[in-house]
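Taken together, the values in this text are just the output of simple stated rules run on the coordinates, not laboratory data. Predicted model, so just to flag it, every value in this text is computed and none were measured. Glycine also receives a Cβ, built like all others from the backbone with ideal geometry; neighbour counts cover every protein chain displayed.
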Amino acid sequence: MCGIVGLFLKDKALEPQLGTLLAGMLNVMTDRGPDSAGFAVYGSGDAEHVKLTVRGRDLEGVAAAIGGEVDSVVRDSHLVLSFPKDKEDHVREWLATHRPDLVVIGSGHRIELYKEVGLPADVARRFDLEGMSGTHGIGHTRMATESAVTTDGAHPFSTGADQCLVHNGSLSNHRSLRRWLEPQGITFATDNDSEVAAGYLSWKLREGATLAEALEASLEDLDGFFTFVVGTESGFAVVRDPISCKPAVMAETDQYVAFGSEYRALVGLPGIENARVFEPEPARVYAWERN
């Protein structure tokens with residue numbers, strides 16, 4: 001089953017509420033995915049600095065050990081490192097050499113990504129999602145069907161800078177796509193089919209496609225059942241496969257665009273009673289970009 005939520009804010013006044021609104025949406029999707037959950041939030045950041053979201057244990061003191069201009073925030077089992085962009089190679093090399101037990105699960109100028117095994121409400125609470133602000137975010141509640149219940153298997157998946165994807169469905173050609181993408185320099189950390197979809201979009205974006213163009217190409221190249229919600233540094237997009245067997249509903253107002261696997265995930269949003277509510281059409285890409 002699995003549940004997907006997403007929120008893209010048009011109104012800057014709502015940005016302090018992003019985490020609270022997203023947490024409410026995520027919690028409502030618990031019965032679609034009670035075994036693990038995750039979310040990505042696009043918050044503060046700039047083009048001169050990079051954030052790495054790292055998962056593991058014994059996170060206190062990591063930034064100090066790296067040295068230099070490295071700031072950090074520890075949230076439960078995750079650590080967000082922030083530093084000037086010209087230090088990224090150094091930070092990654094230090095982690096690989098001195099703390100190979102730590103896993104980098106997200107990187108970019110603005111993205112922070114968190115995921116864990118457990119009920120969605122518990123995962124949101126552990127990472128203080130309600131306390132986060134930002135311009136947009138996506139979330140996922142998982143009911144594992146083809147792989148084990150692990151943190152590695154939880155969504156979102158991020159395979160490129162400031163890029164992430166959540167997925168409801170299953171892909172039938174993910175292994176052949178993986179074999180094709182790996183020689184193109186796309187790396188994967190799990191055997192999950194959804195990570196292959198994320199890697200495919202990262203490759204298309206790297207090759208110069210817009211987010212909308214990358215998703216349009218996915219309709220030809222990905223085989224299976226899927227609803228994707230995708231985030232980039234400035235963008236938010238949704239696409240369903242041509243059969244659209246997975247449920248989806250969207251709402252748009254002057255303040256936001258929202259997505260949920262079911263309408264009840266949207267009912268707590270401000271002004272929802274006046275929103276344009278619609279079911280996204282099969283094989284059609286819906287995309288929004290911030291100026």
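Listed peptides 25-31, 170-176 appear in the order 25-31, 170-176 once ranked by packing, highest mean of other Cβ atoms within 10 Å at the front. Estimated from helical segments only, the mean residue ellipticity of the chain at 222 nm is -6500 deg cm²/dmol, where each DSSP H run of four or more residues counts as -39500 (n - 2.57). Over the stretch 77-232, with a single point scatterer placed on each C-alpha, what log10 of the ratio I(q)/I(0) does the Debye formula yield at q = 0.08, 0.09, 0.15, 0.19 1/Å? For the requested q values the scattering log ratios are -0.23, -0.30, -0.87, -1.37. Of the trypsin sites (Lys or Arg not before Pro) in the stretch 17-59, the ones in a loop by DSSP (not H, G, I, E or B) with at most 12 other beta carbons within 10 Å are R57. The distance linking the stretch 1-77 with the stretch 271-291 is 23 Å (Cα centroid to Cα centroid, whole angstrom). With both labels modelled 7 Å from their Cα along Cα-to-Cβ, the A144 to A209 distance reads 3.0 nm.
Taking other C-beta atoms within 10 angstrom as a stand-in for reagent exposure, K12, K204 fall in the order K12, K204, fewest first. Counting only residues 5 or more places away or on other chains, whose amide H sits under 5 Å from the amide H of G108 once H atoms are built in the peptide plane? Residues meeting the amide H criterion: K51, D162. Taking a point 7 Å from the Cα of S234 along the Cα-to-Cβ direction, the residues of the stretch 269-291 with backbone N closer than 14 Å to it are 288-291. In sequence order, the stretch 167-181 has phi-based couplings of 9, 10, x, 8, 9, 8, 10, 5, 6, 5, 5, 4, 4, 7, 6 Hz under the Karplus curve 6.51 cos²θ - 1.76 cosθ + 1.60, θ = phi - 60°, and Gly or Pro positions carry x.
Whole-Hz Karplus values for the stretch 212-228 come out as 4, 5, 5, 6, 4, 5, 4, 5, 8, 9, 9, 10, x, 9, 7, 10, 10 Hz, taken residue by residue from phi with 6.51 cos²θ - 1.76 cosθ + 1.60 and θ = phi - 60°; glycine and proline positions read x. Under a 5 Å amide H cut-off, with hydrogens placed 1.01 Å from N, N173 pairs with D223 among residues at least 5 apart or on other chains. For the chain, the alpha-carbon radius of gyration amounts to 0.94 times the rule-of-thumb value 2.2 N^0.38 Å expected for a compact globular protein.
Quick one: which of 239-246, 103-110 comes out on top by average Cβ neighbours within 10 Å, and what's the full order, highest first?
Numbers: 239-246: 17.9, 103-110: 21.2.
Descending packing order for the listed peptides: 103-110, 239-246.
Using C-alpha pairs below 8 Å separated by at least 6 residues, the relative contact order for the stretch 45-109 is 50 percent.
In this structure the amide hydrogen of R284, modeled in the peptide plane, comes within under 5 Å of the amide hydrogens of R240, none closer than 5 places in sequence on its chain.
Taken one residue at a time, the phi angles of the stretch 117-122 give Karplus couplings (6.51, -1.76, 1.60, θ = phi - 60°) of 6, x, 5, x, 4, 5 Hz. Gly and Pro are set to x.
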